[in-house]
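What follows draws every value from the coordinates through simple rules; no lab data is involved. Note that this is a predicted model, so its numbers are computed, not measured. Virtual Cβ from ideal backbone geometry, glycine too; neighbours counted across all protein chains shown.
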Amino acid sequence: MAERVTLAGVGKRFGGGPAVLQGIDLALAPGEFVALLGASGCGKSTLLRLVAGLEQATAGEVRLGEAPVRDVDPRCAVVFQEPRLLPWRSVAANVALGARHAGGAASPQRLLDQVGLGDAAGAWPHQLSGGMAQRAALARALAGRPDVLLLDEPFAALDALTRLRMGDLLQDVRAETEPTTLMVTHDVDEALRLADRLVLLAGQPAAVRAVYAAPPRHDAAAIARLRAEILGHFGLGADAHAHARARPPEAAIA
């Protein structure tokens, strides 16, 4: 199967400063969901922005299919930690923005129905709760039927119950649209629940420390073992992780 996203020897530095990323080799297959884990500030979001074309690599190459990424590519869509809805546009109009460069775009109303916001199409962003606004942002990202969906801690600002619901929603819409998905998260449990593979970044500059296939969802023992191994990379044990779950998500492996 041809890879949909490929990073080959990718490095990134800003100006004359030290490298942030170095020697990143990673390939994502069509329809695959990969979670990117690492401590705060290690370069996870930078890597995501390289795939999106929002930043350019200073070493190596990022490719979508066979084409190198030189600029923002309409085949990619990004959901950020903040919804970033335009306050002067209705919810439906915000969603429609995601389809402006796509020929075979889905209708805003259909997407809003899909994410449970069908009745909020005419509402304004300030009238939405945090979870509703993030659902609208997800609908906007899917409007152009992207080949690649990039998620930069999209649920980090949400409460625990809303995060779980958003994760379930994400799985539902992925089952229908099948984009290749790369998600930055600090939450190990979230990564284990949603992803097909988990990639750990660590070091200064950051490099790929380990790559794991997610265990079957029903195999609680295998999930617990992998959770412990991942946390061990960051010097945390099971007790520390239980404590971290009670704190803001960024504290989980920061």
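One table, with the values for the structure above:
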read-out	value
Lys, Arg +1 and Asp, Glu -1 on Cβ, resulting dipole of segment 134-185 about Cα centre, debye, nearest 20	140
Rounded to whole Å, sorted largest first: equivalent-ellipsoid semi-axes of segment 59-134, Cα gyration tensor	28, 15, 10
For residue 5, distant residues with modelled amide H under 5 Å away	28, 65
Segment 1-116 shape via C-alpha gyration tensor axes, a/c threshold 1.5	prolate
Ascending count of other beta-carbon atoms within 10 Å, so fewest first, for 75, 193	193, 75
Descending semi-axes in Å of the chain, equivalent ellipsoid built from Cα gyration tensor	28, 23, 17
Positive minus negative residues near residue 146 (Lys, Arg vs Asp, Glu; Cβ under 10 Å)	0
Which of 24, 230 has the fewest Cβ neighbours within 10 Å, and the rest in rising order	230, 24
Karplus-derived HN-Hα couplings along segment 117-123 (A = 6.51, B = -1.76, C = 1.60, θ = phi - 60°), whole Hz, x at Gly and Pro	10, x, 7, 10, 4, x, 6
Which of 70, 225 has the fewest Cβ neighbours within 10 Å, and the rest in rising order	70, 225
For residue 59, residues with placed amide H under 5 Å, excluding near neighbours	11
Residue (of 132, 16, 186) at the positive-pole extreme of the chain, dipole from beta-carbon charges	16
Cα gyration tensor shape of segment 1-42, rounded if a/c is under 1.5, else prolate or oblate by comparing a/b with b/c	oblate
Rounded to whole Hz, the Karplus (6.51, -1.76, 1.60) HN-Hα couplings of segment 193-201, x for glycine and proline	6, 9, 8, 7, 9, 10, 10, 9, 9
Interchain or long-range residues, amide H under 5 Å from residue 209's placed H	200, 201, 202
Karplus 3J(HN,Hα) series, Hz, for segment 56-63 with 6.51 cos²θ - 1.76 cosθ + 1.60 (x for Gly, Pro)	10, 5, 9, 8, x, 8, 10, 10
Kirkwood hydrodynamic radius (C-alpha pairs) into Stokes-Einstein, segment 133-179, 37 °C and 0.692 mPa s, D in µm²/s	296
